[in-house]
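To start, the structure under review is shown below, and the notes come after it.
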Amino acid sequence: MSRIADVVDRTLEVAVVPSFTRIGYDVRSRLEHWTPLTEYDLTDRVVVITGATSGLGLSAARAFLAAGATVEILGRDAAKTAGVCEQLRATGVQGSVRSLVADTGNLDAVRRVCDELADRHGAIHALIHNAGALDKQYALSPQGVERTVASQVVGPFLMTGLLLPLLRARPGARVVWVSSGGMYTQPLSVTALDSGPDGYRGAVAYARAKRTQVTVAQMWADRLRPDQITVHAMHPGWADTPGVRKSLPTFRRMTGPLLRSPQQGVDTLVWLVADDGAPLDTTGLFWLDRRPRPIHRSSATRRSDTAEERGLLWKWCVQRSGFVGDG
């Protein structure tokens, strides 16, 4: 990277708003001369992506298919997921697409789709944990875990563990967690993951889950380093998606003209899966706009991120998910 690009990037990061909006994407992509996603070839590679029936997930699926990948789309609604697959096939994409049906917060459903994937494929190139909604009302998963944490932390944790044999079978395999810049507002707290309905706030629960995702991704990265499975987390910046329009209407009204398109939001996600350079040189990083970013922006969240808390988090994920493998 040029010194000019470095200086501009740091300036954007300090200001936050331009960094997270389309301004950051436009400036960085031009200054750093990014390789267009259309130049990548993912032929014969299997990509599994959750929450891909709309928004960022759907945009990412389109990009993977355009690169020739075999894409497995996982959604909660069978009819909607099948319909999206048919629509994608109708566009004449290079790759092939199939559907999987499960709520990632339901551990029984997660186990079932992992069995389906093992029946369909001998190896997986990439597993992308993208599913995740901001729920305004408190609810529990079928296994009794708060729904936001269940679908964005516990279910994906189990899915990662169960799919390790397929990931190990593919050299250069990778796991990517789609987080959010909102995670910067929440400390790491295992106790908070078991919070009840009193005082529940959907936006806080969502940000807390996103913080936890980034930490879990780093812990998986450490454990899977000997297997040469790369694990990263990323955030898309502020993108104009159906989820934002539904859950954060006031935020969207205030930032509308500056929001990224879904295609801009998933650029780094697709790049982390498709590029065999920088994304494979390291593991356990947190990315925005094709650069690793710090996982803390305040001393408060930094103080919460201790080795003891991380140890408790891993045990909590194992207990809640029931994963007893060798990860």
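Computed quantities for the displayed model
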quantity	calculated
Phi-based couplings in Hz for segment 165-171 (Karplus 6.51, -1.76, 1.60; Gly and Pro marked x)	x, 6, 6, 5, 7, 10, x
Alpha-carbon centroids, segment 160-189 and segment 257-327: separation in whole Å	7
DSSP beta bridges in the chain [antiparallel fraction, %, rounded to 5]	15
Euclidean distance of C-alpha centroids, segment 3-23 and segment 87-130, integer Å	35
Ascending count of other beta-carbon atoms within 10 Å, so fewest first, for K246, K210	K246, K210
Note, ³J(HN,Hα) from phi for segment 292-302, Karplus 6.51, -1.76, 1.60, rounded to Hz, x at Gly and Pro	x, 10, x, 8, 10, 10, 9, 5, 5, 6, 5
Within segment 81-161, trypsin sites (Lys or Arg not before Pro) in DSSP loop having at most 14 other beta-carbon neighbours inside 10 Å	K136
Residues whose placed amide H lies under 5 Å from that of S96, excluding near-sequence neighbours	T70, V71
Karplus 3J(HN,Hα) series, Hz, for segment 4-21 with 6.51 cos²θ - 1.76 cosθ + 1.60 (x for Gly, Pro)	5, 4, 5, 5, 5, 4, 5, 5, 4, 5, 4, 6, 6, 4, x, 5, 7, 8
Spatial extent of segment 44-129: Rg and Dmax, with the Cα atoms as the point set, Å	11.8, 34
Contour excess over end-to-end distance, with Cα ends at R291 and V8 and 0.36 nm allotted per residue	100.6 nm
Ranked packing of 42-51, 195-204, 12-21, 281-290, most packed first, by mean Cβ within 10 Å	42-51, 281-290, 12-21, 195-204
Amide H partners (placed H, <5 Å) of E146, local residues excluded	S141
Under 25 Å from the Cα of K80 - lysines, other chains or at least 8 residues apart	K136, K246
Residue-averaged [θ]222 nm for the chain, counting only DSSP H segments that reach four residues, each worth -39500 (n - 2.57)	-13500 deg cm²/dmol
Likely footprinting exposure, E146, E116, fewest C-beta neighbours within 10 Å first	E116, E146
Amide proton proximity set for W287, modelled H, under 5 Å, gap of 5+	A233, M234, H235, R293
Radius of gyration and Dmax over the Cα atoms of the chain, both given in Å	18.5, 52
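Readers should treat all values here as calculations from the given coordinates under stated rules, not as data from a laboratory. The structure displayed is predicted, hence computed values, not measured ones. Glycine also receives a Cβ, built like all others from the backbone with ideal geometry; neighbour counts cover every protein chain displayed.
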